[in-house]
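Heads up: the structure comes next, in C-alpha coordinates.
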(Lines give C-alpha, C1' and ligand atoms only; values in the text may rest on other atoms or scores of the structure.)
Protein backbone atom coordinates (compact mmCIF):
# COMPACT_ATOMS: atom_id res chain seq x y z
CA UNK A 1 0.00 0.00 0.00
CA UNK A 2 1.51 3.32 -1.05
CA UNK A 3 0.45 6.82 -2.03
CA UNK A 4 1.97 10.19 -2.58
CA UNK A 5 2.69 12.49 0.37
CA UNK A 6 -0.44 14.33 1.40
CA UNK A 7 -2.83 12.33 -0.83
CA UNK A 8 -5.70 12.24 1.65
CA UNK A 9 -8.25 10.83 -0.78
CA UNK A 10 -6.19 7.68 -1.25
CA UNK A 11 -5.73 7.50 2.52
CA UNK A 12 -9.51 7.55 2.96
CA UNK A 13 -9.98 4.89 0.29
CA UNK A 14 -7.53 2.56 2.00
CA UNK A 15 -8.88 3.08 5.51
CA UNK A 16 -12.55 3.39 4.42
CA UNK A 17 -13.69 5.44 7.39
CA UNK A 18 -11.54 8.48 8.15
CA UNK A 19 -12.65 8.39 11.81
CA UNK A 20 -11.34 4.84 12.36
CA UNK A 21 -7.77 4.52 13.56
CA UNK A 22 -6.01 1.26 12.71
CA UNK A 23 -2.44 1.02 13.96
CA UNK A 24 -0.63 3.09 11.36
CA UNK A 25 2.27 1.71 9.32
CA UNK A 26 4.75 3.82 7.41
CA UNK A 27 3.96 4.35 3.78
CA UNK A 28 6.81 2.68 1.92
CA UNK A 29 8.81 4.21 -0.88
CA UNK A 30 11.98 2.60 -2.26
CA UNK A 31 14.22 5.15 -0.54
CA UNK A 32 12.44 4.94 2.83
CA UNK A 33 13.33 1.23 3.08
CA UNK A 34 17.08 1.65 2.50
CA UNK A 35 19.50 0.80 5.31
CA UNK A 36 22.60 2.61 4.03
CA UNK A 37 21.06 5.68 2.35
CA UNK A 38 18.24 8.05 3.25
CA UNK A 39 16.34 11.17 2.16
CA UNK A 40 17.52 14.33 3.93
CA UNK A 41 16.34 17.89 3.42
CA UNK A 42 18.97 19.49 5.66
CA UNK A 43 21.49 18.96 8.46
CA UNK A 44 22.32 22.02 10.55
CA UNK A 45 23.14 23.38 14.01
CA UNK A 46 20.61 25.54 15.85
CA UNK A 47 18.67 26.05 19.07
CA UNK A 48 15.73 23.85 20.02
CA UNK A 49 12.64 26.05 19.82
CA UNK A 50 9.95 23.76 21.27
CA UNK A 51 9.10 21.77 24.38
CA UNK A 52 10.92 21.34 27.69
CA UNK A 53 14.36 21.41 26.01
CA UNK A 54 13.68 24.90 24.70
CA UNK A 55 16.94 26.79 24.23
CA UNK A 56 19.43 23.90 24.15
CA UNK A 57 21.88 23.63 21.27
CA UNK A 58 21.24 20.72 18.92
CA UNK A 59 22.37 19.28 15.63
CA UNK A 60 19.25 18.82 13.53
CA UNK A 61 18.93 16.03 10.97
CA UNK A 62 15.78 16.72 8.96
CA UNK A 63 14.43 13.69 7.09
CA UNK A 64 12.52 14.14 3.85
CA UNK A 65 9.05 12.59 3.90
CA UNK A 66 6.17 12.30 6.33
CA UNK A 67 3.07 10.10 6.65
CA UNK A 68 0.91 13.05 7.73
CA UNK A 69 -0.22 16.40 6.34
CA UNK A 70 -0.82 18.80 9.24
CA UNK A 71 -2.27 22.07 7.98
CA UNK A 72 -0.08 24.13 10.36
CA UNK A 73 3.19 22.35 9.45
CA UNK A 74 6.02 24.79 8.78
CA UNK A 75 8.07 22.24 6.82
CA UNK A 76 5.66 21.24 4.04
CA UNK A 77 7.75 22.86 1.32
CA UNK A 78 10.82 20.89 2.41
CA UNK A 79 8.89 17.62 2.08
CA UNK A 80 8.05 18.04 -1.59
CA UNK A 81 9.76 15.94 -4.25
CA UNK A 82 13.01 17.53 -5.30
CA UNK A 83 13.50 19.39 -2.01
CA UNK A 84 15.53 16.65 -0.34
CA UNK A 85 18.58 14.66 -1.34
CA UNK A 86 19.66 11.06 -0.91
CA UNK A 87 22.68 10.76 1.38
CA UNK A 88 24.66 7.74 2.51
CA UNK A 89 25.05 6.69 6.13
CA UNK A 90 28.67 7.83 5.99
CA UNK A 91 27.71 11.25 4.63
CA UNK A 92 25.05 11.84 7.28
CA UNK A 93 27.31 10.77 10.14
CA UNK A 94 30.21 12.80 8.75
CA UNK A 95 28.12 15.98 8.54
CA UNK A 96 26.92 15.51 12.13
CA UNK A 97 30.52 15.10 13.34
CA UNK A 98 31.74 18.08 11.31
CA UNK A 99 29.07 20.30 12.83
CA UNK A 100 30.05 19.16 16.33
CA UNK A 101 33.66 20.09 15.61
CA UNK A 102 32.78 23.43 13.99
CA UNK A 103 29.91 24.61 16.22
CA UNK A 104 30.81 22.86 19.47
CA UNK A 105 29.36 19.74 21.07
CA UNK A 106 25.55 19.82 20.95
CA UNK A 107 23.25 18.87 23.78
CA UNK A 108 21.86 16.20 21.46
CA UNK A 109 21.23 15.22 17.86
CA UNK A 110 17.62 15.95 16.94
CA UNK A 111 16.19 13.53 14.39
CA UNK A 112 13.30 15.45 12.88
CA UNK A 113 11.40 15.83 9.66
CA UNK A 114 9.22 15.01 7.99
CA UNK A 115 8.92 11.87 10.09
CA UNK A 116 12.23 10.17 11.03
CA UNK A 117 10.55 6.82 11.73
CA UNK A 118 9.52 6.72 8.08
CA UNK A 119 13.20 5.76 7.66
CA UNK A 120 13.55 3.17 10.42
CA UNK A 121 15.79 0.84 8.42
CA UNK A 122 18.31 3.66 8.08
CA UNK A 123 17.95 4.67 11.75
CA UNK A 124 18.83 1.13 12.80
CA UNK A 125 22.28 1.84 11.36
CA UNK A 126 22.67 5.53 12.24
CA UNK A 127 21.53 5.48 15.87
CA UNK A 128 24.11 2.95 17.12
CA UNK A 129 26.86 5.02 15.49
CA UNK A 130 25.65 8.16 17.25
CA UNK A 131 25.58 6.31 20.58
CA UNK A 132 29.08 4.95 20.02
CA UNK A 133 30.28 8.50 19.32
CA UNK A 134 28.87 9.62 22.68
CA UNK A 135 26.09 11.74 21.16
CA UNK A 136 22.69 11.92 22.85
CA UNK A 137 19.76 11.21 20.54
CA UNK A 138 16.51 13.19 20.51
CA UNK A 139 13.68 11.81 18.37
CA UNK A 140 11.07 14.33 17.18
CA UNK A 141 8.10 12.31 15.99
CA UNK A 142 4.40 12.47 15.24
CA UNK A 143 3.90 9.38 17.38
CA UNK A 144 1.98 7.35 14.80
CA UNK A 145 4.43 4.53 13.98
CA UNK A 146 4.72 2.31 17.08
CA UNK A 147 6.16 -0.76 15.35
CA UNK A 148 8.91 1.35 13.86
CA UNK A 149 9.68 2.85 17.28
CA UNK A 150 9.97 -0.65 18.75
CA UNK A 151 12.86 -1.34 16.37
CA UNK A 152 14.99 1.61 17.56
CA UNK A 153 13.77 2.63 21.04
CA UNK A 154 16.82 1.16 22.78
CA UNK A 155 19.05 3.67 20.94
CA UNK A 156 16.93 6.76 21.66
CA UNK A 157 17.60 8.94 24.71
CA UNK A 158 14.70 11.39 24.48
CA UNK A 159 11.38 10.94 22.66
CA UNK A 160 9.64 14.21 21.77
CA UNK A 161 6.22 12.84 20.88
CA UNK A 162 3.39 14.78 19.31
CA UNK A 163 -0.24 13.87 19.74
CA UNK A 164 -2.08 14.75 16.54
CA UNK A 165 -5.82 15.28 17.13
CA UNK A 166 -7.73 15.75 13.89
CA UNK A 167 -9.25 19.04 14.99
CA UNK A 168 -5.72 20.49 15.20
CA UNK A 169 -4.14 18.90 12.13
CA UNK A 170 -7.20 18.76 9.84
CA UNK A 171 -5.84 15.32 8.91
CA UNK A 172 -7.21 12.16 10.54
CA UNK A 173 -7.13 10.71 14.07
CA UNK A 174 -4.39 8.37 15.26
CA UNK A 175 -5.53 7.50 18.79
CA UNK A 176 -4.79 3.76 18.70
CA UNK A 177 -1.40 4.35 17.14
CA UNK A 178 -0.62 7.09 19.70
CA UNK A 179 -1.51 4.77 22.58
CA UNK A 180 0.70 1.95 21.32
CA UNK A 181 3.49 4.41 20.59
CA UNK A 182 3.49 6.00 24.05
CA UNK A 183 3.47 2.60 25.74
CA UNK A 184 6.74 1.90 23.94
CA UNK A 185 8.22 5.39 24.37
CA UNK A 186 7.98 5.31 28.19
CA UNK A 187 10.95 2.93 28.24
CA UNK A 188 13.05 6.06 27.70
CA UNK A 189 12.63 9.73 28.61
CA UNK A 190 9.54 11.05 26.86
CA UNK A 191 7.38 14.14 26.77
CA UNK A 192 4.15 14.73 24.88
CA UNK A 193 3.20 17.85 22.94
CA UNK A 194 -0.16 18.92 21.50
CA UNK A 195 -0.34 21.84 19.08
CA UNK A 196 -3.45 23.86 19.89
CA UNK A 197 -4.99 25.81 17.02
CA UNK A 198 -8.14 27.95 17.03
CA UNK A 199 -9.96 24.86 15.72
CA UNK A 200 -8.76 22.41 18.41
CA UNK A 201 -11.74 20.98 20.29
CA UNK A 202 -12.12 20.37 24.00
CA UNK A 203 -13.03 16.73 23.32
CA UNK A 204 -9.70 16.19 21.54
CA UNK A 205 -7.77 17.73 24.43
CA UNK A 206 -9.74 15.57 26.88
CA UNK A 207 -8.89 12.46 24.88
CA UNK A 208 -5.22 13.47 24.71
CA UNK A 209 -5.11 13.96 28.48
CA UNK A 210 -6.88 10.67 29.11
CA UNK A 211 -4.44 8.79 26.89
CA UNK A 212 -1.42 10.13 28.78
CA UNK A 213 -3.08 9.71 32.21
CA UNK A 214 -3.83 6.05 31.56
CA UNK A 215 -0.20 5.30 30.65
CA UNK A 216 1.81 7.58 32.97
CA UNK A 217 0.33 10.81 34.43
CA UNK A 218 3.81 12.17 35.30
CA UNK A 219 4.86 12.46 31.64
CA UNK A 220 5.42 16.16 30.81
CA UNK A 221 2.44 17.37 28.77
CA UNK A 222 3.06 20.43 26.62
CA UNK A 223 0.27 22.60 25.25
CA UNK A 224 1.77 24.49 22.32
CA UNK A 225 -0.33 27.36 20.94
CA UNK A 226 -0.07 27.63 17.19
CA UNK A 227 2.74 30.04 16.39
CA UNK A 228 3.73 32.13 13.40
CA UNK A 229 6.65 34.44 12.72
CA UNK A 230 4.43 37.37 13.72
CA UNK A 231 3.56 35.80 17.06
CA UNK A 232 1.27 33.37 18.84
CA UNK A 233 -2.33 32.74 17.82
CA UNK A 234 -4.35 34.79 20.30
CA UNK A 235 -7.37 32.51 20.00
CA UNK A 236 -5.33 29.33 20.51
CA UNK A 237 -3.61 30.80 23.57
CA UNK A 238 -6.95 31.92 24.96
CA UNK A 239 -8.36 28.38 24.63
CA UNK A 240 -5.40 27.05 26.60
CA UNK A 241 -5.51 29.72 29.31
CA UNK A 242 -9.25 29.66 29.86
CA UNK A 243 -9.94 25.95 29.58
CA UNK A 244 -7.41 23.44 28.31
CA UNK A 245 -4.62 24.05 30.84
CA UNK A 246 -6.88 23.49 33.85
CA UNK A 247 -8.50 20.52 32.14
CA UNK A 248 -5.10 18.86 31.77
CA UNK A 249 -3.92 19.81 35.29
CA UNK A 250 -6.81 17.89 36.84
CA UNK A 251 -5.30 14.60 35.70
CA UNK A 252 -1.61 15.19 34.86
CA UNK A 253 1.15 16.34 37.20
CA UNK A 254 3.40 18.23 34.75
CA UNK A 255 1.46 20.46 32.34
CA UNK A 256 3.17 23.39 30.62
CA UNK A 257 2.35 26.04 28.03
CA UNK A 258 5.32 26.47 25.69
CA UNK A 259 4.98 28.27 22.36
CA UNK A 260 7.04 27.49 19.27
CA UNK A 261 9.84 29.96 20.00
CA UNK A 262 12.19 29.46 17.05
CA UNK A 263 9.67 31.17 14.75
CA UNK A 264 9.61 34.15 17.11
CA UNK A 265 13.41 34.13 17.46
CA UNK A 266 13.79 33.90 13.68
CA UNK A 267 16.06 30.84 13.76
CA UNK A 268 15.75 27.52 11.93
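The values are calculated or read from the model by the stated rules, or taken from the named source; none is laboratory data. The structure presented is a predicted model; accordingly, all values stated were derived computationally and were not measured. Cβ placement follows ideal geometry from the backbone for every residue including glycine, while neighbour counts extend to all protein chains displayed.
Table for the structure above
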{"quantity": "Any chance residue 139 is outside any strand (DSSP E or B), under 10 Å from the mean Cα position of the chain (by Cα) and buried (at least 24 other Cβ atoms within 10 Å of the Cβ)", "calculated": "no"}
{"quantity": "Residue within segment 176-192 that is crowded, with 24+ Cβ neighbours inside 10 Å and touching a residue at least 60 places away in the same chain (Cβ under 8 Å) present", "calculated": "no"}
{"quantity": "Hits in segment 43-86 - residues which are under 12 Å from the mean Cα position of the chain (by Cα) and at pLDDT 90 or above", "calculated": "50, 51, 62, 63"}
{"quantity": "Which numbered condition residue 38 misses (of (1) crowded, with 16+ Cβ neighbours inside 10 Å; (2) at pLDDT below 75)", "calculated": "(2)"}
{"quantity": "Residue match in segment 232-240 (condition: under 17 Å from the mean Cα position of the chain (by Cα) and modelled with pLDDT of 95 or more)", "calculated": "no"}
{"quantity": "Number of positions in segment 142-162 that are within 18 Å of residue 175 (Cβ to Cβ) and surrounded by fewer than 21 Cβ atoms within 10 Å (Cβ to Cβ)", "calculated": "1"}
{"quantity": "Residues within segment 96-126 that are in a helix (DSSP H, G or I), touching a helix residue (DSSP H, G or I) at 6+ places or on another chain (Cβ under 9 Å) and surrounded by fewer than 23 Cβ atoms within 10 Å (Cβ to Cβ), tallied", "calculated": "5"}
{"quantity": "Subset of segment 149-165 that is touching a residue at least 40 places away in the same chain (Cβ under 8 Å) and touching a helix residue (DSSP H, G or I) at 6+ places or on another chain (Cβ under 9 Å) - its residue that is nearest to residue 125 (Cα to Cα)", "calculated": "157"}
